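Input: a single structure, listed below in C-alpha cells.
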Amino acid sequence: MPKQLIKYNVSELSSEFDDDYVCQICFDTYYKKEVYQCKEGHCSCKECWEKSLEKKKECMQCKTKVNSLNELSRARQVERLLLKTCVCCPYLFKNITRVDESEKLIEDSSGCNEIIKLEELDNHIENCSFRFVECEYHEKGCNDKIRHNEKEIHISKCEYQPLNCKYCSNVFLLKTIGKHYLKCPSMLIYCKECNEKIKREEMGNHVDKQCQEAIISCTLSDFGCNDKIKRKILENHLEQTNHTKHLSTAIEHLMIKNNQLSINIKELTKDKENLNIKNYQLSNNICNFEEKYHILSKRINELSKGKEYKNKWIISNYSKINHIICGELISPSFGYTRDSFEIRFNRFHTNYYLREISIYLHSTAEQNDIEFSLTLLNKDPKKNFCRKYNEGFTSIWGWSNFICADEINKENGFVTEDDKVEFEFTLTYPKAMPLLSNYIPN
C-alpha cells in the first residue's frame, strides 16, 4: 500500500530543543543540515552562511571578518548532540498528513507512543506500524486515512471493495451491491402464491403461465364463465361445471371469426391480383425507361463527340470508265440537309507513266471544321485504303492524288467480280457551340 505523505518540523516532536540547536538566522533546527561556526563560536546553518557572505564578509552575529566559507569550521559536536536528542514518533498525531503546516498537531490515543533518538527517526518512520497508508481501493474512490496496523480491518469493511453478485456474478462495490440485490434479475425470490423460489426476471412468466397456486380465470371467461379458480384445479372445473351455454357462445364467435377470415382472404387475394397487374405495368414502364435511357445516352454521346454522317458510294461498270482521262464522275447529293454534299471522282495524267485519281468533297454552302474520311474497300478488309482530311476548308476539300489509277483493279482486290468499286465515307460535324451576341449601342 502506498504511504501517505507527512509534513512536520522536528521541533514539534520534542520540547528538548534549545537555542543551541536552532539557527539564529532562519530559526530552523539543524536537523539534516551542516552547521558552521566563526572563530568566536557563533553557529548558523550552511545555507544561511552562504547567503550572508554574498552580501557582507563578516559574521552575522559578532561581525567578525569572514572572507569565505573556507575560513569557517564545521560544528560537528553540535550536529552529533542534536542527533542524540529524543523525539516522539510523528505518527503519534492524527493530523500528521495535514496540508497546512501551520495547523497545530493533535495527539491520537491510538497513535504511536514510541520515543526514539533523532538519528533513528527516518528508519522508524519508514517501518512504523502506525504509519498512514492509502486504502488499496483508493483508485475506486476510497479516500479514508488508515494506519498500517489497521488496514486489514479497514479493507474487510471498506465500502469501495469490489464484490461479485452471488446470483448474476457481475461486480459491484460493497456500497452499491445492496441496491443491486433489490433489482438483480437473477436473484431467487419467493413466489407469493406457491412459495417456490424463482428468478426475479422469470417471476412474471411463472405467475402468468406456470404457478399452480395462482388464481386464474376460466378458459371460457370470454364466453360468459366468470369463475375464478386456482390453475391446478382448472381441469376439474372444466369437467365438473356445465359449460354448454358457454361452448355454444364460443362456437358462434368462432363461426363469425371464420366468416370474417374468409372475407379477408378474398380481399387479400384480390389485392394480390391488383399488385401483380401493377407489378407487370411497372416492369413494362421500367423497360421503356431503360430503352429511352439508352437512346438518350447514345444521343448525348453523339452530341459530346460531334454529329456523324456515314454512307457508302458504289460505282458500277467501273471498267467502262477506266479508260476515260480527265472525265469527272459525280456522286448523288447527300448529307443531313438536302443537297448538302457531293463527291467528285476524276482521272488525269500527271506525266507520261503515271495516272492519278483525285477525289474531292464539294459543299453547296460554306462549312467549317468538318472532318472527312474516305475508304476504298478491298475484298480483303485488311487491305482497305483509307485517307482522312481535317485541315480546315470552306466548300471544297479532298486529295488531288488520292491513289494511282492503275492500282484499282480486280487483281489488287479493289474491283469486285461484278465490276464495282465501293467507297465508304464519314462526315463528322463539329460539336455545337453556344451562340454569342454582342450588343453595340448606337
> Do we have any residue at all in the stretch 107-122 that's part of a loop (DSSP other than H, G, I, E, B), in the same structural domain as Glu16 (by TED's automatic domain parsing), surrounded by 16 or more Cβ atoms within 10 Å (Cβ to Cβ) and touching a residue at least 40 places away in the same chain (Cβ under 8 Å)?
Replying inline: no
> Any residue at all in the stretch 74-91 that is closer than 18 Å to Glu119 by Cβ, among the small types (Gly, Ala, Ser) and over 60 Å from the mean Cα position of the chain (by Cα)?
Replying inline: yes
> In the stretch 15-58, how many are of a type in the set (S, T, N, Q), in a helix (DSSP H, G or I) and closer than 11 Å to Val78 by Cβ?
Replying inline: 0
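Confirm whether Val87 is over 30 Å from Arg131 (Cβ atoms) and touching a Leu at 6+ places or on another chain (Cβ under 7 Å). Give the derivation first.
Details: over 30 Å from Arg131 (Cβ atoms): no; touching a Leu at 6+ places or on another chain (Cβ under 7 Å): yes.
It is false that Val87 is over 30 Å from Arg131 (Cβ atoms) and touching a Leu at 6+ places or on another chain (Cβ under 7 Å).
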> In the stretch 135-173, which residues are out of contact with any Lys or Arg (no Cβ under 8 Å at 6 or more places or on another chain), among the aliphatic types (A, V, I, L, M) and closer than 27 Å to Arg200 by Cβ?
Replying inline: Leu163, Val171
> Considering only the stretch 207-264, how many residues are more than 58 Å from the chain's Cα centre (by Cα), surrounded by fewer than 13 Cβ atoms within 10 Å (Cβ to Cβ) and β-branched (Val, Ile, Thr)?
Replying inline: 3
> Glu101 versus (1) in contact (Cβ under 8 Å) with a residue 12 or more places away in the chain; (2) surrounded by fewer than 17 Cβ atoms within 10 Å (Cβ to Cβ); (3) more than 60 Å from the chain's Cα centre (by Cα); (4) outside any helix (DSSP H, G or I): which is the lone unmet condition?
Replying inline: (3)
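Can we say Ser11 is within 18 Å of Asp122 (Cα to Cα), among the hydroxyl-bearing types (Ser, Thr, Tyr) and without any contact (Cβ under 8 Å) to a residue 40 or more places away in the chain? Outline the logic, then answer.
On the way: within 18 Å of Asp122 (Cα to Cα): yes; among the hydroxyl-bearing types (Ser, Thr, Tyr): yes; without any contact (Cβ under 8 Å) to a residue 40 or more places away in the chain: yes.
Criteria met by Ser11.
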>> Please determine whether any residue of the stretch 176-191 is among the aromatic types (Phe, Trp, Tyr) and closer than 30 Å to Glu139 by Cα.
In response: yes
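Answer yes if at least one residue in the stretch 50-57 is under 27 Å from Glu126 (Cα atoms), exposed (fewer than 14 other Cβ atoms within 10 Å of the Cβ) and out of contact with any strand residue (DSSP E or B) (no Cβ under 9 Å at 6 or more places or on another chain), and no otherwise. Reasoning before the result, please.
Step one: filter the stretch 50-57 for residues under 27 Å from Glu126 (Cα atoms), giving none.
Looking for residues that are under 27 Å from Glu126 (Cα atoms), exposed (fewer than 14 other Cβ atoms within 10 Å of the Cβ) and out of contact with any strand residue (DSSP E or B) (no Cβ under 9 Å at 6 or more places or on another chain), one finds none in the stretch 50-57, hence no.
Select from the stretch 60-98 the residues that are of a type in the set (D, E, K, R) and not in a helix (DSSP H, G or I) and write down the one among them that is nearest to Gly41 (Cα to Cα).
Restricting attention to the stretch 60-98, the residues satisfying the condition of being of a type in the set (D, E, K, R) are 63, 65, 71, 74, 76, 79-80, 84, 94, 98.
This time we only want the ones that are not in a helix (DSSP H, G or I), so: 63, 65, 74, 84, 94, 98.
On the way: Lys63: 12, Lys65: 13, Arg74: 10, Lys84: 21, Lys94: 40, Arg98: 38 Å.
Filtering the stretch 60-98 for residues that are of a type in the set (D, E, K, R) and not in a helix (DSSP H, G or I), the one nearest to Gly41 (Cα to Cα) comes out as Arg74.
Would you check if there is a residue in the stretch 7-16 being under 60 Å from the mean Cα position of the chain (by Cα), within 30 Å of Ile155 (Cα to Cα) and at pLDDT below 90? It would help to see each step written out before you state the result.
As a first pass, look at the stretch 7-16 and keep what is under 60 Å from the mean Cα position of the chain (by Cα): 7-10.
Restricting the remaining residues to those that are within 30 Å of Ile155 (Cα to Cα) gives 7-8.
Keeping just the survivors that are at pLDDT below 90 gives 7-8.
Yes, because at least one residue in the stretch 7-16 is under 60 Å from the mean Cα position of the chain (by Cα), within 30 Å of Ile155 (Cα to Cα) and at pLDDT below 90.
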> Can you name the residue in the stretch 139-152 that is within 15 Å of Lys94 (Cβ to Cβ) and not in a loop (DSSP other than H, G, I, E, B) and is also farthest from the chain's Cα centre (by Cα) among such residues?
Replying inline: Asn149
>> Within the stretch 160-169, does at least one residue satisfy the condition of being closer than 30 Å to Ile6 by Cα and either more than 44 Å from the chain's Cα centre (by Cα) or surrounded by fewer than 13 Cβ atoms within 10 Å (Cβ to Cβ) (or both)?
In response: yes
>> Quick check on this structure: which one of Ser156, Ser217, Ser221, Ser169 is within 30 Å of Ile251 (Cβ to Cβ), among the hydroxyl-bearing types (Ser, Thr, Tyr) and out of contact with any Cys (no Cβ under 9 Å at 6 or more places or on another chain)?
In response: Ser221
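The values are calculated or read from the model by the stated rules, or taken from the named source; none is laboratory data. Quantities reported herein were computed from a predicted structural model and do not represent experimental measurements. Ideal geometry is used to build each Cβ from the backbone, glycine not excepted, and the neighbour counts take in all protein chains shown.
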